[in-house]
Every structure is written in C-alpha cells, then in structure tokens.
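These notes are about the structure you will find just below.
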Amino acid sequence: MIIFKIALRNLREHTAKTLIIGVLIAVGVFFLVAGNSFMDTITAGMRITYIDNYTGELIVHGKAKGTFSLFGIMGPEMANAKIPEIEQFEQLEALLASSELVSDVNPLATGAASIGIGEESAGFSFLWGIEPSQYFTMFPDNIILHEGTRLPPGEKGIMLSQNNKDKIREETNRTIHAGDKLQLSGMNAVSGTRIREVTVWGIFSYRQTSPQLERVSLVDIKTLRELSGMDVGEIEEAQLSETEQALLGEIEENNIFGSSLISTTSPQNEGFTNFETILAAEALEITEAGKENNAWHFLLLKTINDRAATEITNTLNDYFLENDLDLEVSNWRWGAGFTADMAYSLQIVFNIIIIVIFIVALIVIMNTLVISITERIPEIGTIRAMGGQKSFVRLMITTETLVITALFGTAGVLLGSIFIWILNMTGIEATNMFFRVLFGGDVLKPGLSANSIVSALAAVGILGAAASLYPVSVALKISPVRAMQKGI
Amino acid sequence: MAIISLHDVTKDYPLGKTVVHALKGVSCEIQRGEFITIAGPSGSGKSTILNMIGCIDTPSSGNVKINGTDTSALSDKSLTQLRHQVLGFIFQSFNLIPVLNVYENIEFPLLIGKNGMHPSEKKTWINTLIREVGLDSWKTHRPSELSGGQRQRVAIARALATRPEIVLADEPTANLDSETGETIINLMKKMNHEFKTTFIFSTHDNMIVEIADHVIRLKDGIITENSRKKKTGVAV
Ligand SMILES: Nc1ncnc2c1ncn2[C@@H]1O[C@H](COP(=O)(O)OP(=O)(O)OP(=O)(O)O)[C@@H](O)[C@H]1O
Ligand SMILES: [Mg+2]
C-alpha cells in the first residue's frame, strides 16, 4: 500500500521523468496494437482466402532447386527448370484420404501456355490442371462464373479467367465466349512445343483475387499434362510431333531394362512408360489413360483443424523419410507465393521497427531510472538505515516502473484500439497495386486483434522488467550510510 | 549491562593512495536511558562513531556490541532487522520522504518492516507522537511546506515510531539556527525522559553539549573526555 502511494506520488511529482518514460511506452504500445491488429487482419484474411479458396491448409510437393509455388517457378530458373512430379502419388493420396485428420484432398498441377485464336496470338495464361470433381469439392465456392458452365468431370477444355479474357480482347479485339475454341501452346524442356485446341467451358473470376491469381485459368489435367510434357506416357497419334516422336523413341530405349517393372494396370508415375505399354493402352480406352497417368505437382490438403495440420505435417515427413521419397509438406503461405511473402516481409519489417523502438525505449527508460535513483540515494539510504530490507527497496523501484508501465501501457492500448476502430469505420483504401495485393481487395477494414493487445502488454511488461533490472541493482547497492549524505 | 559497548574500534577510509584513520581505537560504554552527546571539532570522527553504533557502517577492527550482541557477526539482513527494531535515526538534513506528509512520514518506519502493532493502536501512537512534537495542525503537510525546525520535529517523532531503545542523531541542529537547535535538543531530552529511550547525538556546539548528561569528546579519532554529570550518574 505505502509502496503504491510512494510510487504514484513520485510519478506525479517527477512529471518530466514520468512523461519521458510514459510517452515512450504509450507510443510503443500504440504501434504494437495498431500495427499487429493491421497485420493480423491482413494475414487472417489472406490465410482464410488462400486456405479456403486456393491452397488448402497444406501442400505436398516434390523438392526442386529453384523456388516455386502453385504459380510455378519464379525467378531466373523459370526458363529451364521443371517442377517435380509427386512420386508414388496414388499411395500417398490413398493414405491421406484415409486419415481422419484430413478433411479434403485435391491434386493440382501448374503450367502456362500462350493463347492463340486461329493464326492470331492472343497473349498468355497461367494454368492450373485440375480434376473438376475433386477441385470443386475442395473449393466449392471460390469462383464467380460469368458465363457458361464449370468444367465437367472427364471432359477436356478450359475455364478462362476474366482477366485472361480481357487480355485477349486487348490483344486481338475479339471477345471470347463460352463455347469458343482456343489454341493453347505450351513449351517445356521435356517435349518442346505442344499445341492443343480447347473448348472454353466458362468465363470466371476468383472471388478473392490477386494480380497473380487472376491470370490463372483452369484446364483439365490431361490437357495440362500434354501441354507441359507430363504426359509422355500418353499418346494421341494424330498430334504427335517430330520432337515427341524422337523423345518417345529415346525413352523406349532407355527403359528396356526396366520393362519388367511396368504393367498396364499400374504404370509408373514418372511418365516414363514403355512404348509397348503405351500402344497397348491406346488400344484400350483413351479416356482411361488419364487415370493411368498420375502425374501431379501438388496435393492440396484441408485438415480438420490447425492442430491436425501440425500432426499431419509430422506424420508425412516421417513417411517421406521412411519411404525415401523426395517430397515435402509446405503450408498455405508457401503455396500463395509472393503475395504471402510480401505480407510476411512487411511483418518482418514491422517487427524490426518494433525491436528498434524497444531497444531505444529500453535504454532511455533505464537511463532515466538510473538518474532518478541517483537523485534518491539519500532517500534510499534513509529507508535502509531505518530498517527497510533490500527487498523493500527492490519492490519500491519495480512498483514505480510497473505502475508507470501499466498506466501508459493501458493508455497506449486505448489509443491503438481507438485508432483501429476509426480505421475499421472508414476503411483503408488501397492506393496502389502493392496495397491491393496486400489487402486482397480495394479496401481493408482492420479489426482489433486480442493477440495484438496481449502481445503489446507482454512486450511492455518485459520492457518494464528489463529496464528496471539494472536500476534496481544500483538501488540495492546503496548502503544505509548514504543516508548521511546531504541531499533530501 | 551496557546497552552499547565499543571495544577498541578503529575505522580507516581509503583516500586516494593514502588512508584516513577516522577512529584510532575507541572504547566506551553507554547505559540504557542515557542522554549522551558526542562532541568534537569537525573531522574528529563523530559521524564515523555514530555510524558504527547505528550499524550502518562496519569498523575496520574492534567490535560494537548492542545489547550484548556483537554486530560484526551479523548479516546485512539481520543488521537491517536490528536497526528496525532497536534503533531510530535523526539526520542532519532531516531526510524525510518528500512525497509523504507529516503523518505518513512518521508512520513510515512501521510500514517497512514487521511490528506487532494493531492498526488502531498504531494510529493512536502516531497521533501521540505528533502531539508530543507539537505538530498537531501540520499532519497533512508535506515536508517542503515545513520549516527546518518543524522538519526535525517530524524526524524526532519518526525516529520514535517503532519504539526503539536507542535513537541516534548526527548533528541534528547543524541545519538550524541556534535557538531552534536548542528547542530541538530539549524536545529530544523530553522524549528521553518520557519514553526512557537512549539518545545519542553529536554536535560541535558547546552550548548544546551542556544539555547532555553524558559527554564523550573526540579529537582526531581518539576519545579525549568521557564524563557523566554528577546528578545522573557516576563519573567514569
Ligand atoms: N567516506 C569517507 N571517505 C574518506 N574519508 C572519510 C569518509 N568519511 C569520513 N572521512 C574522514 O574521516 C574523518 C572523520 O570524519 P567524520 O565525518 O566522522 O567527522 P565528523 O566529526 O563527523 O566531522 P563533521 O563535524 O565535519 O561532520 C575525517 O577526516 C573525514 O575526512
Ligand atoms: Mg559528521
């Protein structure tokens, strides 16, 4: 009680000192609360957007040298690198589908193609190869269909993104409608250039989009495999190019020694299948070939909850290790590519700023406290002489720091909350591309996050405790004989 | 048994490369209930000897016994406890807590450590002390609103709050004019009389020395006189 009384009165008495420390703390807390709330809103929004609509919670994929994401390979490796296909896909998919922790499994492959209409070149599109039945089960509501229908299961064709459609109109002055035909030409290191004619089933936009995402159209997986050379196991005689022929020849030679491993019922998933087998398969049913070729780049998972995601990640990593598979599990952030990276970098920059403020505040507060203790040497000496134990002195100094911290910390929380509340009312407009990507739209309405308040208070608590450590040790060294010093 | 006994106490202060011998072997005894002054010129070692008795500093050699207990054997914690229970302090520059008012300053020693006082008993006791030092109408004033003499009255009351056996006062009148100084010493003597508390104060003012009934005179760290007035005790 007396300690609180002394603390409060000392703070009131030494206005300058109190204000220096207090304003620092309040400003720090304000930034933490407002900044973290802002960040949390962005990441929470982004997280839900991506997990629910594009990436799932976890993504299983192969390992490659270059950096890649669901959007393909980024950076200098783009030209000649190849995204690895998932080894032993069927076993893996079966394993995951049977897990109680996994609520949904959906394979995906990524690619890109130039678009042509007749002789005319009409731009470029990123492509996701999907199995419609699975894809639209995992993401039932991630797109808005402007015209036409969704890609029906088992059919070939493309669902064109509105952005691609707009780009085509810019390039060629033609407006694409559902039912039109387009030529897609893919180029890859495996099979050179491939051209496929596809029917446009529908035109759509993603509900929540980013500049990266809106350039992605959806195609059936078979077409994607053909365009990107993941189909070396399949043949459509009429469209076989010279390069393809040559390549198939090579593969046949290369695989003679391995032919015993290959059967028509369980072809190997690398796409290297014996030529004999292919011919046999062709004689069967061409549509069946899609099932035989299980070349996928990604396996997207939705888990029943966050804890399950961690558990599944561990299980899978063990499984990959045991079975000597060159696979890994990444989270949605990885799949979201540079958009998420951007938010993440921003968060890192923000945290660095906070750490700098923290250190500056620590030094300033510590110095101010040491000065105030030096000024109070006779007072502290007197307390010791009168029989105050060291613990009493320690309590007195820490209480003062804690009171000031709590007082101005609360002020900071209030200011931060009010600030976020105002922003929530008015909304922050995205003035440029950078913010549009970050906000996942044109306006962001940040919400106050409990996490930001808790972490701000924790940070400021630690700050207060850390800043008073040295001053307290100085105070404890004050001998009672210092009471005799002239001063008070 | 003497309440305080010093046996061959020395105190050396390192001063740069040399050493100051502030006390050069001091032995004396103080009896319970005495009103003693330690007199001597500046630098003679008055403060040093009071610091030893007050257990806020330790001798370089020799020993100080309080109630028969050798203080050199005690830990910081036990010494602090001893100061709280047995000793009261009055300082030359008053040393009141600036943010506390008169009442709170006097109450303060009771709050910094254990004491068996009941809250209502405590309140009565503090009010008694305030009345005794004549500050009834100043209870809620802060030290900064008081004169030097008034501040030293607060300090006297505070020194008595824990009902100590011994009160030490290092030049309690040095910051006061001589008239006020004399009233303060007389007030201390009144308290000594009423509560049977042993008072030890230092001074270099010979007028004030007269009021004491036991004088220990120091010069250059050595006792040059140790005499009790006939009416209160036997000459040593
Ligand atoms: N902390 C210290 N460091 C060095 N020397 C000291 C210290 N304290 C006291 N002295 C020296 O010890 C001697 C005795 O000092 P002390 O303060 O006990 O004298 P005093 O009689 O109280 O003098 P005054 O009347 O000026 O208060 C003096 O020579 C003083 O300079
Ligand atoms: Mg002195």
Can B:E145 be described as within 13 Å of chain A (Cβ to nearest Cβ) and among the acidic types (D, E)? no
Given (1) more than 22 Å from the chain's Cα centre (by Cα); (2) modelled with pLDDT under 90; (3) away from chain B (no Cβ under 14 Å); (4) open to solvent by 30 Å² or more (accessible area, probe 1.4 Å), where does A:G28 come up short, assuming only one miss? (4)
Identity of the residue in the stretch B:1-60, charged (D, E, K, R) and within 12 Å of ligand 1 (Cβ to nearest atom), that ends up surrounded by the most Cβ atoms within 10 Å (Cβ to Cβ): B:K46
All conditions in (1) over 30 Å from the mean Cα position of the chain (by Cα); (2) open to solvent by 80 Å² or more (accessible area, probe 1.4 Å); (3) not acidic (D, E) are true of A:M187 except (1)
Across the stretch A:1-25, what is the number of residues that are assigned to a helix (DSSP H, G or I) and within 14 Å of chain B (Cβ to nearest Cβ)? 15
Cβ-Cβ below 9 Å, separation at least six or inter-chain, first residue in the stretch B:35-62 and basic (K, R), second within 13 Å of ligand 2 (Cβ to nearest atom) and not in a strand (DSSP E or B): which pairs? B:K46/B:G40; B:K46/B:E171; B:K46/B:H204
For the stretch A:433-482, enumerate the residues that are at pLDDT below 85 and in a helix (DSSP H, G or I). A:M433, A:F434, A:F435, A:R436, A:V437, A:L438, A:F439
Picking from B:I200, B:I216, B:I208, which residue would you name as being part of a helix (DSSP H, G or I) and open to solvent by less than 20 Å² (accessible area, probe 1.4 Å)? B:I208
Got a sec? Which of A:A109, A:A34, A:A44 is in a helix (DSSP H, G or I) and open to solvent by less than 20 Å² (accessible area, probe 1.4 Å)? A:A34
One residue is enough: does the stretch B:135-146 have a residue meeting the conditions of a type in the set (V, I, T) and free of Cβ contacts under 8 Å to residues at least 60 places away in the same chain? yes
Report, by residue number, each residue of the stretch A:1-25 that is under 22 Å from A:F419 (Cα atoms) and open to solvent by less than 40 Å² (accessible area, probe 1.4 Å). A:I21, A:G22, A:I25
For the stretch A:380-391, which residues satisfy the criterion of being facing chain B (nearest Cβ under 8 Å) and surrounded by fewer than 20 Cβ atoms within 10 Å (Cβ to Cβ)? A:Q389, A:K390
Any residue that is free of Cβ contacts under 8 Å to residues at least 40 places away in the same chain and aliphatic (A, V, I, L, M) - is there at least one of those in the stretch B:185-198? yes
Given B:I112, B:I56, B:I90, which one is within 16 Å of ligand 2 (Cβ to nearest atom), of a type in the set (V, I, T) and touching a Gly at 6+ places or on another chain (Cβ under 9 Å)? B:I56
For residues that are over 18 Å from B:H7 (Cβ atoms) and in contact with a Gly (Cβ under 9 Å, 6 or more places away or on another chain), scanning just the stretch B:61-81, find the one that is least open to solvent (accessible area, probe 1.4 Å). B:T80
Take B:G134 and tell me if it is over 24 Å from A:I6 (Cα atoms) and either more than 16 Å from ligand 2 (Cβ to nearest atom) or of a type in the set (D, E, K, R) (or both). yes
Per the filter on the stretch B:159-197, residues surrounded by fewer than 22 Cβ atoms within 10 Å (Cβ to Cβ), of a type in the set (G, A, S) and within 16 Å of ligand 2 (Cβ to nearest atom) are B:A174
Could you identify the single residue in A:G192, A:G179 that is touching a helix residue (DSSP H, G or I) at 6+ places or on another chain (Cβ under 8 Å) and open to solvent by 10 Å² or more (accessible area, probe 1.4 Å)? A:G192
Restricting to the stretch B:60-81, count the residues that are in a loop (DSSP other than H, G, I, E, B) and within 21 Å of B:A22 (Cβ to Cβ). 1
Quick check, is B:R151 open to solvent by less than 20 Å² (accessible area, probe 1.4 Å), within 14 Å of chain A (Cβ to nearest Cβ), away from ligand 2 (no atom under 16 Å from the Cβ) and of a type in the set (D, E, K, R)? no
Selection from the stretch B:82-107 of residues that are more than 7 Å from chain A (Cβ to nearest Cβ), free of Cβ contacts under 8 Å to residues at least 60 places away in the same chain and part of a helix (DSSP H, G or I): B:L82, B:V102, B:Y103, B:E104, B:N105, B:I106, B:E107
How many of the residues making up the stretch B:108-140 are within 14 Å of chain A (Cβ to nearest Cβ), surrounded by fewer than 21 Cβ atoms within 10 Å (Cβ to Cβ) and in a loop (DSSP other than H, G, I, E, B)? 4
What number goes with the only condition from (1) assigned to a strand (DSSP E or B); (2) facing chain A (nearest Cβ under 10 Å) that B:D57 does not pass? (1)
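The values are calculated or read from the model by the stated rules, or taken from the named source; none is laboratory data. Small disclaimer: the values here were computed from a predicted structure and weren't measured. For neighbour counting, all protein chains shown are included, and Cβ atoms are generated from backbone atoms with ideal geometry for every residue, glycine included. Side chains are part of the model used for accessible areas, which takes the heavy atoms of the whole protein and leaves out ligands, DNA and RNA. Shrake-Rupley method; radii C 1.70, N 1.55, O 1.52, S 1.80 Å.
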